[in-house]
Amino acid sequence: MAQPFVYRKEIDGLRAIAVISVILYHSGIEIFSQGYLGVDVFFVISGYLITSLVFNDLTNNRFNFLKFITRRARRILPLLFFVTFVSIPFCIYFLSPNLLENFSQSVIALNLFNSNILFWFTSGDYFDLKSELKPLIHTWSLCIEIQFYLIFPLVLLYFKKNIKLILFILFITSLSLSFLENYLYINSIDLFKTKSFGSFYLFHTRIWELLLGAAVYFLNDKLNNTKIKINLSIIGFSILLLSLFTNFFNISSVYAVNSLFSCIATSIILLSTNNKSNIINKLLCFRPLVFLGLISFSLYMWHQPIFSIFRIYNNNLNLSFLTLSILVPIIILLSFVTYRYIEKPYRNNFLISDAKFIKNISIIYIFTFILAVTILITGSFYKYEKYKKLYPSISFNGNDVGLQNLIRKKTLTSLTNKKIENINSNNINNNYLIVGFSHAEDFFISVNQVKELTAKYNFFYQGISYNEEGQYYFKLIRFLESIKEKKSFVNSKNIILDVDLSVLENDILKIDNFFKKYNKNLILLSPPIYFKVINDDPSVFSIHKWHLQNGFKDKLNTYQLNKIMYDLVDKEFFNVNKKILDNLSKNNIRFINKVEFSCPNYKNKTCYSLTDNYKKIYFDNTHLTLDGAKFFGSIIYKKKLLEKTN
């Protein structure tokens, strides 16, 4: 027997808790790392409410699929397209060409109601911090709900007689697929070659949460014992708070396991709080909570575009307490306005007829879609062209990382092979063996780009590889022991070592003694500089930031650009670097300070971004392009950094 649909105020309170947890998660506050599970709460609530609406109409023979879809469209589409439309000009202005292209793709996918599929293909892991740079990343859940609205009523309609059995089979199938997808992802078994988290984004691995809400509807009249309901509601509410706002139930790397707690807790609350005398009902009906619940859809829609655009402009994934104290009230205010003037009117058939609704939504849909396609085809291209005209030698499309890395590797291989063939044992005092990882490669390539240096010295390279676990120092010593018979080691008086000095701080003298045992001079490279760039490489970001501040009329001021580059470095780095180098000096160990060629004027708050002829120095947040290697190689020569180690 169908249960009549009754408005339950406590569900709005539940929505408020869910949206608060999601906003706290996207704010980046570490202690709320489980807040993303608030979306699961929305799914269970949605499953419960949609089943209530549809099954009640089916039982009373008044279900009309078209009317149902129109009602759901009135609920979602006006706000969805309005927020998207408002976000577009801000994204055009603030986003770099690469990010703008990604944004336009997400708008198109959203208009086709499959942004969840796009993000599955393009975003990688949802928990990757770079996902926070996507203004519309949160719309994946809305697309799953829309897909549910299109499919679920038809399942209820055509399988009405055996609906409970069918829903149970679908529930078990979806939950099993979710666990399977999780297992494959965790074990790096990528069937579709997307390198992404399918069970998070896809309909078939999420529908079990909505079906759990449907199950609540069918069980709602089975639980009548008031005392049991009170106890269950307290248990359910406690589990929910612990799962959303703490790591208490973060017990597995399998996402679906952690999700079960929030989903089951929501189901228990829906089953047990439909009584005004219930203590949890009273808590959830607390007026401020109900208010936030009523505007929860607007809160959900506004928070991510605002957070992401702010992060992009400030190049900082972390939102400070001060920033949040400004942004959150703005989000609440915007949400109230859009709830009052967009959500409520469009839900009311008397204020806005179906014909007017279809007309209005069609206009904004078509306009938004055309605008997104235009941006994709010409908008980001227009930004590329503006930059390309000013800086023809720089790539701004974000797709040259692989190419630059390939060029770097080919250069390394060519230089290494050439040097091995020409090892000179006659004057080993002028031979340098550079040992280390990727930053040692950069240094090796840099010094080999300067004819004046290669005419006087021979430089060889030896990469470090560990095939064992264990303490860093012992692994390093065992590796060095393994190369001591190599020609490049034997015939090099000077060993330039690039390793993690922060880990080896207490073992430096022992490493120095190791080389003294073989009559070698140890020269250590200082720690590498990392630029905190959250999407583009630091050079591109700095240029984009400068033009945001100064317009596109003129070519940039390199001094100001270098100041922006300096701002991308964690200021603690310079203190740590100084401490490490002071320790080396105290122990009379030679070193080369990379800051002297990457940020020689760091006390004036500048770091190099481009070469003298406007070419990129870095292709990611720390590694050098070939042009960057040539540029730094010339500085190493001019500053006589090698001679200073003798």
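The values are calculated or read from the model by the stated rules, or taken from the named source; none is laboratory data. Keep in mind that this is a model prediction, so the values were computed, not measured. Here the Cβ is made from the backbone with ideal geometry for all residues, glycine too, and neighbour counts use every protein chain on show. To get the accessible areas, we keep the full protein, side chains included, count just its heavy atoms, and leave off ligands, DNA and RNA. Shrake-Rupley method; radii C 1.70, N 1.55, O 1.52, S 1.80 Å.
All but one of (1) modelled with pLDDT under 90; (2) not in a loop (DSSP other than H, G, I, E, B) hold for E469; state the number of the condition that does not hold.
Here E469 meets the rest and fails (2).
How many residues does region 548-585 contain that are of a type in the set (D, E, K, R), farther than 22 Å from F531 by Cα and modelled with pLDDT under 90?
So the count comes out to 3.
State whether the residues of region 508-520 include one that is part of a loop (DSSP other than H, G, I, E, B), out of contact with any His (no Cβ under 9 Å at 6 or more places or on another chain) and not aromatic (F, W, Y). Show your work before the answer.
Restricting attention to region 508-520, the residues satisfying the condition of being part of a loop (DSSP other than H, G, I, E, B) are 518-520.
From the residues that got through so far, the ones that are out of contact with any His (no Cβ under 9 Å at 6 or more places or on another chain) too are 518-520.
Filter again for not aromatic (F, W, Y), leaving 519-520.
Yes, that holds for at least one residue.
Could you count how many residues in region 604-634 are acidic (D, E) and either assigned to a helix (DSSP H, G or I) or surrounded by 21 or more Cβ atoms within 10 Å (Cβ to Cβ) (or both)?
Number of matching residues: 1.
Can you tell me which residue is nearest to I309 (Cα to Cα) among those in region 80-116 that are modelled with pLDDT under 90 and open to solvent by 10 Å² or more (accessible area, probe 1.4 Å)?
Filtering region 80-116 for residues that are modelled with pLDDT under 90 and open to solvent by 10 Å² or more (accessible area, probe 1.4 Å), the one nearest to I309 (Cα to Cα) comes out as F94.
When the residues of region 56-70 are filtered to those that are touching a residue at least 12 places away in the same chain (Cβ under 8 Å) and outside any loop (DSSP other than H, G, I, E, B), which remaining residue is farthest from H303 (Cα to Cα)?
T59
Here are some residues: F531, F573. Which one is within 26 Å of the chain's Cα centre (by Cα), open to solvent by 20 Å² or more (accessible area, probe 1.4 Å) and of a type in the set (A, V, I, L, M, F, W, C)? Give the derivation first.
Working: F531 fails: open to solvent by 20 Å² or more (accessible area, probe 1.4 Å).
So the residue among F531, F573 that is within 26 Å of the chain's Cα centre (by Cα), open to solvent by 20 Å² or more (accessible area, probe 1.4 Å) and of a type in the set (A, V, I, L, M, F, W, C) is F573.
Would you call Y637 aromatic (F, W, Y), within 26 Å of Y432 (Cα to Cα) and open to solvent by 60 Å² or more (accessible area, probe 1.4 Å)?
So Y637 fits the description; yes.
Evaluate region 43-55: report whether one residue or more is in contact (Cβ under 8 Å) with a residue 24 or more places away in the chain and not in a helix (DSSP H, G or I).
No, region 43-55 contains no residue that is in contact (Cβ under 8 Å) with a residue 24 or more places away in the chain and not in a helix (DSSP H, G or I).
Enumerate the pairs (first residue in region 577-591 and touching a residue at least 40 places away in the same chain (Cβ under 8 Å); second residue anywhere and part of a helix (DSSP H, G or I) and open to solvent by less than 60 Å² (accessible area, probe 1.4 Å)) with beta-carbon separation below 7 Å, excluding pairs fewer than 6 apart on the same chain, so at least 6 apart or on different chains.
That search, which allows pairs on different chains as well, returns N577/V595; L584/I508; N587/I508; I589/I508; I589/D512; R590/T645; F591/L581; F591/L584.
Give the residue, chosen from F489, F443, F474, that is of a type in the set (F, W, Y) and either assigned to a loop (DSSP other than H, G, I, E, B) or open to solvent by 30 Å² or more (accessible area, probe 1.4 Å) (or both).
Going through F489, F443, F474 in turn, the sole match is F474.
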